[in-house]
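Novice: Encoded as structure tokens, here's the structure I'll be asking about.
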Amino acid sequence: SSSQGLRMGMILFIVSEVMFFFAFFWAFFTSSISPVFNIGGVWPPTHIVAISPWGLPFVNTILLLSSGASVTWAHHAIVAGFKKEAMLGLNITLLFAIAFTAMQGFEYSSAPFSMSDGVYGSVFYMATGFHGFHVIIGTIFLAICTVRLYFDHFSRQHHFGFEAAAWYWHFV
């Protein structure tokens with residue numbers, strides 16, 4: 001059926017995205033586990049002041065994990081036929097997503113290194129930049145689902161558009 005085709009298409013799309021990000025993780029692990037002599041043989045390179053993972057990155061991680069819970073709550077509410085709760089769950093998810101994007105922008109503007117600071121800067125900005133881009137795409141996807149939910153485009157039985165957005169959001 002067309003529903004199965006859409007599901008398989010979304011799954012394959014997400015798998016292709018996983019492969020895309022796998023390449024960046026590969027570059028990071030290759031550079032960090034076995035740093036070469038031209039960056040001083042240490043990771044991060046000696047001239048780089050790394051961002052503490054316990055500041056904004058930790059807060060952003062909590063935001064994204066919490067948004068995964070709120071989008072799941074919205075999904076369960078749709079399945080149960082509770083539109084008001086689903087709207088609340090989606091709006092909370094969107095709030096978390098916007099907060100994440102704003103904090104990532106602040107993190108970029110205050111980072112003590114740039115993309116031109118060798119392999120560390122380029123891998124950091126490419127991986128986190130593409131991740132941020134995917135968060136923005138997911139935010140748009142969920143905002144459209146919020147509008148569709150408001151106009152009763154989803155029912156307890158037919159809500160694959162929302163499910164696809166939720167799958168994508170969990171990937172993000």
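Please treat every number below as a calculation from the coordinates, not as lab data. Please read these numbers as outputs of a predicted model, since none were measured by experiment. With ideal geometry, Cβ positions are generated from the backbone for all residues, glycine too; neighbour counts draw on all protein chains shown.
Novice: What number of residues in the stretch 31-45 are part of a loop (DSSP other than H, G, I, E, B) and touching a helix residue (DSSP H, G or I) at 6+ places or on another chain (Cβ under 8 Å)?
Specialist: Number satisfying all stated conditions: 3.
Novice: Just name the residue that is surrounded by the most Cβ atoms within 10 Å (Cβ to Cβ) out of those in the stretch 136-169 that are in contact (Cβ under 8 Å) with a residue 60 or more places away in the chain and in contact with a Ser or Thr (Cβ under 9 Å, 6 or more places away or on another chain).
Specialist: This residue is 169.
Novice: Going by what's in this entry, would residue 165 be described as more than 11 Å from the chain's Cα centre (by Cα), in a helix (DSSP H, G or I) and under 30 Å from residue 80 (Cβ atoms)?
Specialist: Answer is yes for this residue.
Novice: Going residue by residue through the stretch 106-126, is there one that turns out to be under 13 Å from the mean Cα position of the chain (by Cα) and of a type outside the set (Lys, Arg)?
Specialist: No - not one qualifying residue is present in the stretch 106-126.
Novice: Related question: List the number of the failed condition for residue 23; all other conditions in (1) in contact with a helix residue (DSSP H, G or I) (Cβ under 8 Å, 6 or more places away or on another chain); (2) under 17 Å from residue 126 (Cα atoms); (3) small (Gly, Ala, Ser) hold.
Specialist: Looking at each condition in turn, residue 23 falls short on (1).
Novice: Give the number of residues within the stretch 80-98 that are surrounded by fewer than 16 Cβ atoms within 10 Å (Cβ to Cβ) and in contact (Cβ under 8 Å) with a residue 60 or more places away in the chain.
Specialist: Of the residues in that region, 3 qualify.
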